[in-house]
Amino acid sequence: MLVSTNNLTKRYGSFTALDDCTCSVAPGEVFGLLGPNGAGKTTLLRLLLGFLKPTEGLATVDGIDCSQKSVAVRSRIAYLPGDARLVRQMKGRDVLRFFAQVRREGDLRRAFEIADDLELDLAQYVAFMSTGMRQKLALAATFSMNTPLLILDEPTANLDPTVRSTVLQLVHAAKQEGKTVMFSSHVLSEIEEICDRVVILRAGQLVHLQVMAELKRQHRIRARLHAAMPAVPDDLVNLISFEHQENGEIEFHSPGELTVLLGWLSTLPLAEMTVSPIGLRAIYDQFHHHSAAETANP
């Protein structure tokens, strides 16, 4: 594994920011971190970068201890913080030139190409750029680095939907190049679209790990019948669950392929039926029901 944590914990006095976190990220994977503010996402990322020292546990990147050899770890990472700050007295092109020169992994030509894709005016001084423009500049600097790991903390914050789509394309391109991406976001649709696996954090604890390919095979079926529902056939008992709703509908849940299930459903006295994927929101709401509004798509 390129990234690995084992019982990773960070406490500040009596407050636990990250509690006993164990997970791993494979080379070439896009790995999502999901949770509201204060869930522990940024703490985990900063521990991986060596910016924070763990209270307990271990974190490694490419087999290197993040706490003991943080400089070596950071040489393998391109990091976009959630509150990226750039020199206000520099023009956009000079900021990109600085980052390309200060690190051997920098690629100025690539940085200019990304800035062009993001429709960024590099002739402007950072001081006169909007918040969204500064975010674009930070994205161009980060994605241009030739490192095996990209860590992106809320990379689409302050961006309009069109630019967000471009950012997700950059993440996909990085994966195609064999890079690993760790991606933190509040926006469920972004995580669902781009990530291979997702972890959900709550109050500093990793409460769920979801393989997105498995989730995309799961469906919710709502049906209304003209008559009573017959018993579920024995060969489908382990492939389906259902519950009766107050409005008279029956809601079926299927964790796998629909072909066999739909064949049986077609034999029922159906008045109407709808089929929809489960989606990440249903999983997220199991752990953060009261904070679901934070994850609404803007």
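The values are calculated or read from the model by the stated rules, or taken from the named source; none is laboratory data. Nothing here was measured: the structure is a model prediction, and the numbers come from that model. Backbone-built Cβ (ideal geometry, glycine too); neighbour counts: all protein chains shown. Calculation scope for accessible area: heavy atoms of the full protein, side chains included, ligands and nucleic acids excluded. Shrake-Rupley method; radii C 1.70, N 1.55, O 1.52, S 1.80 Å.
First measure r as the distance between the Cβ atoms of Ala271 and Asp20, then evaluate 1/(1 + (r/R0)^6) with R0 = 51 Å and state the FRET efficiency to the nearest 0.05.
Working: r = 50 Å, r/R0 = 0.98.
About 0.55, to the nearest 0.05.
A simple charge model with +1 on the Cβ of Lys and Arg, -1 on the Cβ of Asp and Glu and nothing else charged puts the dipole of the range 1-111 at about 720 debye relative to its Cα centre. On a per residue basis, the chain carries 49 Å² of accessible surface, using protein heavy atoms and a 1.4 Å probe.
If the segment from Asn37 to Arg217 were pulled out straight at 0.36 nm per residue, it would be longer than the present Cα-Cα gap by 61.9 nm. DSSP bridge analysis restricted to the chain gives an antiparallel fraction near 65%, rounded to the nearest 5. Pairs of Lys residues in the chain, spaced 8 or more positions apart or belonging to different chains, with C-alpha separations under 15 angstrom: 4 in total.
Counting only protein heavy atoms, what percent of the accessible surface of the range 145-298 is carbon or sulfur at a 1.4 Å probe?
Summing carbon and sulfur atoms, their accessible area is 51 percent of the total for the range 145-298.
Accessible surface for Phe112 stands near 70 Å², nearest 10, in the context of the full protein assembly shown (1.4 Å probe). In the context of the full protein assembly, Thr131 retains an accessible surface of approximately 70 Å², using a probe radius of 1.4 Å and ignoring ligands and nucleic acids. Here the 3J(HN,Hα) profile of the range 156-168, calculated from phi with Karplus coefficients 6.51, -1.76 and 1.60 at θ = phi - 60°, is 9, 4, 6, 10, 6, x, 5, 5, 4, 4, 5, 4, 5 Hz, Gly and Pro shown as x. Say a paramagnetic label sat at a point 7 Å from the Cα of Tyr125, along Cα to Cβ; which residues of the range 76-94 have their backbone N under 20 Å from it? Residues 85-94 qualify, since their backbone N sits under 20 Å from the label point.
What a 1.4 Å probe finds exposed on the range 1-97 is 47% carbon and sulfur by accessible area, rounded to a whole percent.
In deg cm²/dmol and to the nearest 500, what is the mean residue ellipticity at 222 nm of the chain if only DSSP H runs of at least 4 residues count, each as -39500 (n - 2.57), divided by the residue total? Mind showing how you got there, number by number?
Details: 10 runs with 91 residues, N = 298.
After summing the helix terms and dividing by residue count, I get -8500 deg cm²/dmol.
Close amide H partners of Arg197, meaning residues 5 or more places away or on another chain with modelled amide H under 5 Å apart, are Val30, Gly32, Met212. Each label point was placed 7 Å from the Cα along the Cα-to-Cβ direction; for Val260 and Phe242 their separation is 1.6 nm.
When Ser266, Ser130 are compared by accessible surface with a 1.4 Å probe, the order from highest to lowest is Ser266, Ser130. Just one of (i) 6, 26, 32, 23, 10, 2, 0; (ii) 6, 24, 28, 21, 12, 7, 2, 0; (iii) 5, 18, 18, 14, 16, 15, 10, 3, 0 is P(r) over Cα pairs in 10 Å bins from 0, in percent as worked out from the coordinates here. Which one is it? Here the calculated entry is (ii).
Computed 3J(HN,Hα) for the range 87-95, one whole-Hz value per residue from the Karplus formula 6.51 cos²θ - 1.76 cosθ + 1.60 where θ = phi - 60°, is 5, 5, 7, 9, 6, x, 5, 6, 4, glycine and proline marked x.
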